[in-house]
Amino acid sequence: MGIFGSPAYPVLSIKQAGSPFEESAKQAIETKTYDYVIVGGGTAGCCLASRLSEDPSVSVLVLERGPVHDAWFSRIPMVSSNLYDKATPVVRSPSMPVAGAQGKIVDVIHTEALGGASCVNQMLVTRGPPGDFDHWAALGHPSWDYKTMQPYFLKSEKSLSQTHSTWRGHSGPLVNKTSTLLFDIHRNVRTAASALGFTDTSDFNAPDVPVDVCAILDEAIDDSLRRVSSYNTFLPAELAYDRHQRLKICTKAVATRIEFEDGVAVGVVFESSDKSIPGTFYARARKEIVVCSGAIGSPQLLLLSGIGPKEHLEEHGIAPLVDLPGVGAHLQDHIGIPLMYEIPLWDSVHHAAGSAWKGVWEFGKYMLGFKSIMGSTISPMSIFAHSTHLDDKTARVLDPVPSLGDRPDLEIMTIAYGTSDAPVPPGMGIFSFLLCNMQPKSLGSVRLASSDPHARPDVDLAFLSNAEDYAPLRRGIQLTRRLAAQVAAQGYPIKDFQLPASDADADLDAFVRAQFRTCYHYSASCRMARREEGGVVDDELRVYGVSGLRVCDASVFPCIPSAHTMVPVIMFAERCADLVKAAAKTY
């Protein structure tokens, strides 16, 4: 039995999923063959596998690098979000030195488990404003505008809070609800934002929500206070067992390359991720292969398969199949700048984290079904703005000029916990305003470190490589300080802890370079764009230069959305399933 009494999860070993790989095996009658092979059982892969296997006549194989992560704590929201806990299914690798910040190195996070990043993220359910999708349409992708995509958002979700909303889903599998503000400081910040002209909203996903808002965010947590990931949403044990004759899920499998015949993707070669089973194995696809390995893993697999910049492939001894310079280029992430203040210990997560009795108290409340830190996201409320809408001196919201921004370029996440690498003194409470640039101009890359598929690729986040990224961050720091001043004016005891030395641009920029961090929203490294403009996939997510191969995850975003990425990724997977099903009718 699995967690909470669910059936044991029906997974295959790599020996069961594939045939021993030899060149002759590609044509052998006994080769393990499926209609579809999905490489990556993360946020997108779980959704796609679920939708494709709805058809009882279709067979699907999912190859996932990590295990089924169903330990007892995996659905406790606060506990499962701790990326520093050794039991959390993440692997860290160092980024390339960030040239724009004196060579600073940050951790790149790889989530290895069925469900991917949705098993460890902050569970925030943000679609992104309509302006994001209409911007994609303006870039040359008219079938990805907001009006076209809205039905896919509705299809996936079941909102427990917005029960009467016509633009929210009510019967889908992705259960979510509006976050609860558990700390007084959040309520003070909410009042401060209102004083500065921000509209207050409890549904950031409404299509008519203003750009400049203070939003209590929705969280993917069910009525039983359990995390809702793509894994337990789309591929729960009951569903996987019910469909086990046609839906095969193979964990601890590393795809080493995609095999082609006459330019058609026909199979995937894979090995054991932990080397527990020696040898190389092969699975053939009758119809299509879909790569869903994320914005780091998907470009790596394409490069290993001979699809990418010709010179780079040849450097690593890989015969080029398709010279596609866009593979691994245009990597984007939301850079985060933590601005931190000292607050009373009792009004922060530090109280529960540093006190045994408080921790036991919060855990006890959680187990009894009461509101608790354990059963919530650490970031329940955010302030969104477009930097051009803010007054230079007061940071108050001005009457916006529509042409200057119909989607936010700033988010300030409000977190009652320290969010930088600086240690927090024992007995101190910290409140973080985590400032994020939502429309970064800096572009990074994913490149092979070697031709070994088990090796982590070289990831250059390239933060601050474009000087234009400083301007919105300066405005955001000014806004943050004004918010803190408003909180202090309410009589709340808030004190400076980690802030820039002054408001001078030089000090602000130096602080940004010293304190930045990743928000783990890796995107756009196999982006949807015209091939001559550096694109990797077309508007139906098909890889240029070959047939039978698609990519579906955050890597195919035309550019990074002004939101947290889980829900947009699921939306892409919902759309991809329909595209694949439509193509199958032509076979």
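The values are calculated or read from the model by the stated rules, or taken from the named source; none is laboratory data. Note that the coordinates shown come from a computational prediction; the quantities given were computed from them, not determined experimentally. Cβ: placed from backbone, ideal geometry, glycine included. Neighbour counts: every protein chain shown.
Brief remarks follow.
- Considering the stretch 206-229, the residues that are among the hydrophobic types (A, V, I, L, M, F, W, C) and over 20 Å from the mean Cα position of the chain (by Cα) include one that is nearest to Thr43 (Cα to Cα), namely Leu225.
- Candidate set: the stretch 44-67, residues that are touching a strand residue (DSSP E or B) at 6+ places or on another chain (Cβ under 8 Å) and assigned to a loop (DSSP other than H, G, I, E, B); chosen: the one surrounded by the fewest Cβ atoms within 10 Å (Cβ to Cβ): Val58
- Residue match in the stretch 4-12 (condition: among the β-branched types (Val, Ile, Thr), at pLDDT 95 or above and more than 27 Å from Gln122 (Cβ to Cβ)): yes
- Of the residues making up the stretch 436-447, those that are touching an Asp or Glu at 6+ places or on another chain (Cβ under 9 Å), part of a loop (DSSP other than H, G, I, E, B) and over 30 Å from Asp347 (Cα atoms) are Gln439, Pro440, Lys441, Ser442.
- Of the listed requirements (1) in a loop (DSSP other than H, G, I, E, B); (2) within 23 Å of Lys393 (Cβ to Cβ), Asp469 misses just one: (1).
- For the stretch 291-312, a tally of residues being crowded, with 24+ Cβ neighbours inside 10 Å and either assigned to a loop (DSSP other than H, G, I, E, B) or free of Cβ contacts under 8 Å to residues at least 60 places away in the same chain (or both) returns 4.
- No other residue among Val211, Val189, Val254 is in contact with a strand residue (DSSP E or B) (Cβ under 8 Å, 6 or more places away or on another chain), assigned to a strand (DSSP E or B) and either under 30 Å from Leu398 (Cβ atoms) or modelled with pLDDT of 95 or more (or both) apart from Val254.
- Contacts under 6 angstrom Cβ, first residue in the stretch 419-435 being among the β-branched types (Val, Ile, Thr) and part of a loop (DSSP other than H, G, I, E, B), partner at pLDDT 95 or above and buried (at least 16 other Cβ atoms within 10 Å of the Cβ), 6 or more apart: Thr419/Pro338; Thr419/Ser432; Thr419/Leu434; Val424/Gly418; Val424/Ile430
- Test: residue in the stretch 29-43 that is in a loop (DSSP other than H, G, I, E, B), at pLDDT below 95, assigned by TED's automatic domain parsing to the domain that holds Ala265 and in contact with a Pro (Cβ under 6 Å, 6 or more places away or on another chain): no
- Among residues that are within 30 Å of Asp85 (Cα to Cα), touching a Ser or Thr at 6+ places or on another chain (Cβ under 7 Å) and hydroxyl-bearing (Ser, Thr, Tyr), Ser161 is not included.
- In the set Pro400, Pro325, Pro423, only one residue is within 30 Å of Gly308 (Cβ to Cβ) and either at pLDDT below 95 or surrounded by fewer than 16 Cβ atoms within 10 Å (Cβ to Cβ) (or both); that residue is Pro325.
- Of all residues in the stretch 534-563, exactly one satisfies the criterion of being part of a helix (DSSP H, G or I) and either among the β-branched types (Val, Ile, Thr) or without any contact (Cβ under 8 Å) to a residue 24 or more places away in the chain (or both), namely Val556.
A quick yes/no check of all residues on (1) crowded, with 20+ Cβ neighbours inside 10 Å; (2) among the polar types (S, T, N, Q); (3) free of Cβ contacts under 8 Å to residues at least 24 places away in the same chain:
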{"position": "Leu235", "(1), (2), (3)": "yes, no, no"}
{"position": "Gln245", "(1), (2), (3)": "no, yes, yes"}
{"position": "Cys250", "(1), (2), (3)": "yes, no, no"}
{"position": "Ala255", "(1), (2), (3)": "yes, no, no"}
{"position": "Val264", "(1), (2), (3)": "no, no, no"}
{"position": "Val269", "(1), (2), (3)": "yes, no, no"}
{"position": "Ile277", "(1), (2), (3)": "no, no, no"}
{"position": "Arg284", "(1), (2), (3)": "yes, no, no"}
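- When the stretch 485-511 is filtered for residues that are closer than 15 Å to Glu342 by Cα and among the aliphatic types (A, V, I, L, M), the ones remaining, listed by number, are Ala485, Val487, Ala488, Ile494, Leu499.
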